[in-house]
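This report concerns only the one structure given below.
The values are calculated or read from the model by the stated rules, or taken from the named source; none is laboratory data. Treat the numbers as computed from the prediction; the structure is a model and nothing was measured. Cβ sites come from the backbone with ideal geometry, for glycine too, and all protein chains shown count toward neighbours. The accessibility values were calculated without ligands, DNA or RNA, using every heavy atom of the protein model including side chains. Shrake-Rupley method; radii C 1.70, N 1.55, O 1.52, S 1.80 Å.
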Amino acid sequence: MTAAGALAGSGLSVALLETAVYAGAENWSGCVYFAESLASEECFGHAAVEAAPFERRVVRRGTLAHNGIDEVGVALSDPAAFEHCYTVLRPVYDPTSPTSPA
């Protein structure tokens with residue numbers, strides 16, 4: 001999509017074909033979503049966030065450093081730190097049809 005946009009922006013005629021049922025449906029990326037602000041009562045509230053189509057709740061985060069021979073890591077497993085922290089898979093979280101509301 002980026003290449004098509006750049007080519008079209010330079011004046012070339014471009015055709016972009018999508019193989020999925022709607023644009024972006026084959027985007028299998030994911031992320032970790034921190035939803036503390038969304039869970040506040042001033043926003044959506046706890047129940048609405050819990051009902052969202054998240055993949056799973058995050059209960060531990062960590063990192064590793066590796067130099068090719070040795071590795072060292074650290075992890076945090078604090079339930080309070082991850083109260084509203086979830087993983088999200090785009091095909092699950094995004095609309096399932098082109099007529100779904102955004």
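Summary of values
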| item | result |
| --- | --- |
| Scope segment 50-77; condition more than 26 Å from residue 90 (Cα to Cα) and free of Cβ contacts under 8 Å to residues at least 12 places away in the same chain; matching residues | 65, 66, 67, 68, 69, 70, 71, 72, 73 |
| Segment 1-49: number of residues that are over 16 Å from residue 89 (Cα atoms), modelled with pLDDT of 80 or more and either open to solvent by 50 Å² or more (accessible area, probe 1.4 Å) or not in a loop (DSSP other than H, G, I, E, B) (or both) | 26 |
| Residues of segment 78-94 classified as outside any loop (DSSP other than H, G, I, E, B), free of Cβ contacts under 8 Å to residues at least 60 places away in the same chain and either open to solvent by less than 60 Å² (accessible area, probe 1.4 Å) or aliphatic (A, V, I, L, M) (or both), total | 5 |
